[in-house]
Amino acid sequence: MCGIVGFVNQKNQKEALIEAMMERIIHRGPTSSGKYVDEQIALGFRRLSIIDLEGGSQPIYNQDRNKVIIFNGEIYNYQTLRTELETLGYLFETKTDTEVILHGYEAWGVDVLQKLRGMFAFAIWDIDKQELFGARDHFGMKPYYYAEMNGTFMFGSEIKSFLAHPDFDKTLNKAALKPYLTFQYSPLNGETFFKGVHRLAEGHYYFYKDGKLTINEYWDADFTKKEKLTREQWVDKIDQTVQESIMLHKNADVEVGSFLSSGVDSSYVAAVLRPEQTFSIGFDDKTYNEAIEARKLTETIGLNNIAAIIHGEMSFKAFPLIQYHLDEPDANPSCVPLYFLANLASQHVKVVQSGEGADELFAGYSAYGLHTHSKVVRVVAQGLRKLPKGPRYSIGRKLGKMKNFQGRLHLYAASAPAQDFFIGHAEIFEEQEAASYLTAAYQDAPSVAEIVAPHFAKAEKLADEEVNKMQYLDVHQWMPKDILLKADKLTMASSLESRTPLLDIELMKLAQSIPTKYLINQHNTKDIFRQASNRHLPEAWANREKLGFPVPIKAWLREDFGYAQVKALFEEAFVKEFFDQAKIIQLLEDHHTGKADLQRKIWAIYAFLTWYKVFFIDTDIPKAEPIIYDTF
């Protein structure tokens with residue numbers, strides 16, 4: 001695990017510039033660093049040693065020394081690929097997966113991407129051809145940004161590394177703010193909150209040569225080919241594939257721990273992996289404490305658990321640093337506990353496994369169509385899902401216009417076209433409401449419909465069922481731009497590698513072939529996945545309701561400390577550029593006095609303003625300070 005950065009131009013002073021850019025991402029790789037520089041390109045690398053601790057330094061060259069690679073990630077099937085390449089005559093100087101990618105590119109060209117199982121973002125410079133080749137993994141587990149500015153093409157793991165380059169123009173992308181207020185994360189297709197900075201999309205690769213950038217897709221989810229197996233056969237296949245993936249993701253020359261919440265996904269991983277240490281975080285909140293629930297599981301199945309309690313003051317103090325590490329504003333409340341959880345774990349291990357991905361692959365979100373506890377309504381909904389599209393859509397659209405009644409939303413989601421109602425899981429402000437809070441300069445932005453339309457258009461060809469269409473959208477929006485982004489950035493902030501065995505390409509191939517009636521039905525969400533997990537967990541654990549990462553921001557914003565922190569920021573002069581200042585302060589007051597529960601809307605505005613202040617107003621970078629945890 002590490003961080004990569006580089007740039008292409010014909011200017012001088014490359015050595016000093018690449019060093020400065022590498023320094024910005026030292027948290028991603030404090031173990032060592034390396035660089036390659038010639039007249040055209042500078043490549044930089046920061047390393048966190050996980051495999052081949054002594055011999056894995058990068059950049060790595062091929063035998064002819066006419067190709068050089070920098071790589072961030074882990075390839076879990078690299079040993080199998082290495083054997084295959086050795087039979088083709090390739091010689092290896094290291095024991096790393098990095099060298100396997102390089103020789104694989106020599107042997108198979110871009111088709112090497114079809115053979116890789118893992119998380120990756122890499123760049124290969126062909127010295128003879130003066131050509132740059134780069135790629136990002138199937139799901140976007142590893143970040144990859146690029147920009148073309150002032151005669152320089154720059155790329156890397158984190159946008160903040162670009163700030164050290166004199167050709168980088170740091171400008172706010174005004175079109176990003178309005179949709180952010182609806183989605184809670186930066187949702188644009190391609191461009192980021194920094195004008196001119198783009199994400200390389202998940203499942204894509206690029207070539208850059210002679211000043212020309214070309215980008216192509218090498219993988220996409222495809223839900224059209226369903227297999228006919230019994231319920232029990234599916235449970236068997238899921239459990240077998242999950243166990244195999246967890247063991248494959250265990251490969252490392254250092255100890256591998258595990259994150260553990262109270263949910264089924266991380267619990268399944270921990271129960272199969274059985275690491276020396278599991279790690280949990282809870283809040284000093286009387287309503288619910290994830291750490292206490294996680295401890296109950298570890299005591300039941302015989303695992304060690306290190307848990308800590310955090311509180312509001314700690315969270316507000318760390319929030320500017322959290323937004324700095326994220327690169328773009330993110331109002332997902334789970335960013336806060338994840339930052340502390342990673343920091344806690346990093347004091348004991350270098351690698352953890354976590355449970356991201358299962359909800360997208362196996363339809364685990366209630367928003368996919370589970371909106372009632374009524375068994376009768378659930379059974380009726382299952383019947384509606386079996387109807388042909390025409391009559392089903394007609395019923396769904398009629399339900400959408402009806403006055404509310406018990407079970408209406410559940411029946412509507414089971415019958416209406418997905419694109420009529422689904423934009424993902426984190427709708428904060430409705431579109432018109434978001435516009436009412438913004439100044440005139442920030443009204444011109446892509447609509448929510450325009451943002452999701454390209455994904456639904458492709459989903460029409462790659463998914464026949466509405467649940468699969470929603471999964472497809474999340475695989476390309478919610479997952480890479482929120483869930484996986486914060487998982488990478490906030491673990492690497494503490495120099496910790498996070499691995500996601502439930503988000504594995506082989507597991508995806510299995511999941512997308514399962515008929516949706518086995519995933520979301522009258523029993524539960526991700527039904528047969530839960531049954532597979534139940535083979536390793538206490539009987540009641542698999543059917544636990546999904547909670548996400550419960551964060552007591554509602555209470556924090558009603559307490560004097562949290563209220564004062566947010567109000568002080570809302571009252572700053574720069575806020576008037578973006579928002580109707582009186583209106584957002586009234587939003588805060590209405591929540592603080594208990595007039596309404598508005599915590600998610602307040603938090604979305606607070607996260608953006610915190611991020612903006614860090615990157616565009618403050619002169620000093622937020623500094624991490626030692627954290628003293630109240631562990632138990």
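No value in this document is a laboratory result; all are computed from the given coordinates. Here the structure is a predicted model, which means the values were calculated and not measured. For neighbour counting, all protein chains shown are included, and Cβ atoms are generated from backbone atoms with ideal geometry for every residue, glycine included.
In what order do T610, T631 fall by count of nearby beta-carbon atoms within 10 Å, going from fewest to most? Numbers along the way, then the final one.
Values: T610 23, T631 10.
Going from least to most buried by this count: T631, T610.
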In segment 56-93, which trypsin sites (Lys or Arg not before Pro) fall in coil by DSSP and have 16 or fewer other Cβ atoms within 10 Å?
R65
Within 12 Å, Cβ to Cβ, of K595, how many net charges do the neighbouring residues add up to if Lys/Arg are +1 and Asp/Glu are -1?
-2
With the crude spin-label approximation of a point 7 Å out along Cα→Cβ, what separation in nm comes out for Y218 versus V254?
2.7
On a full-extension model of 0.36 nm per residue, what is the gain between H348 and T87, subtracting their alpha-carbon distance, rounded to one decimal in nm?
90.0 nm
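As an exercise, find the ratio Rg/Rh for the chain from alpha-carbon atoms, using the Kirkwood inverse-distance average for Rh. Let's see the in-between values first.
Numbers: Rg = 24.1 Å, Rh = 25.4 Å.
That ratio is 0.95, to two decimals.
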Neighbour counts of other C-beta atoms within 10 Å: give me D330, D220 arranged from fewest to most.
D220, D330
Sequence-distant residues sharing a close amide H with G118 (under 5 Å, placed H)
Y76, I505
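Using 0.36 nm times the number of residues separating Q586 and I628, minus their current alpha carbon distance, what extension gain do you get?
Values: separation 42, 0.36 × 42 = 15.12 nm, distance 3.57 nm.
Taking Q586 through I628 to full extension adds about 11.6 nm, to one decimal.
Counting residues in segment 86-201 as N, plug N into 2.2 N^0.38 Å and put the Cα Rg over that result. Intermediate results must be reported in sequence, preceding the final value.
Numbers: Rg = 17.2 Å, N = 116, 2.2 N^0.38 = 13.4 Å.
For segment 86-201, the normalised Cα radius of gyration comes out at 1.29.
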Gain upon complete extension [E431, N404; 0.36 nm per residue less C-alpha separation]
7.6 nm
Too-long pairs where the Cα-Cα distance tops 21 Å, listed order kept, from K174/K623; K469/K601; K226/K461; K469/K517; K14/K35
K174/K623; K469/K601
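Taking the DSSP beta bridges in the chain as the whole, what percent of them are antiparallel, to the nearest 5?
Working: 58 of 73 bridges.
In the chain, DSSP labels about 80 percent of beta bridges as antiparallel.
Where nothing but the Cβ of Lys and Arg (+1) and of Asp and Glu (-1) is charged, how large is the charge dipole of the chain around its Cα centre, in debye to the nearest 20?
2060
How much of the pair distance distribution for segment 2-217 lies past 22 Å, counting alpha-carbon pairs only, in percent? Show your work: numbers first, answer last.
On the way: 11220 of 23220 pairs.
Cα-Cα pairs of segment 2-217 separated by over 22 Å account for 48 percent.
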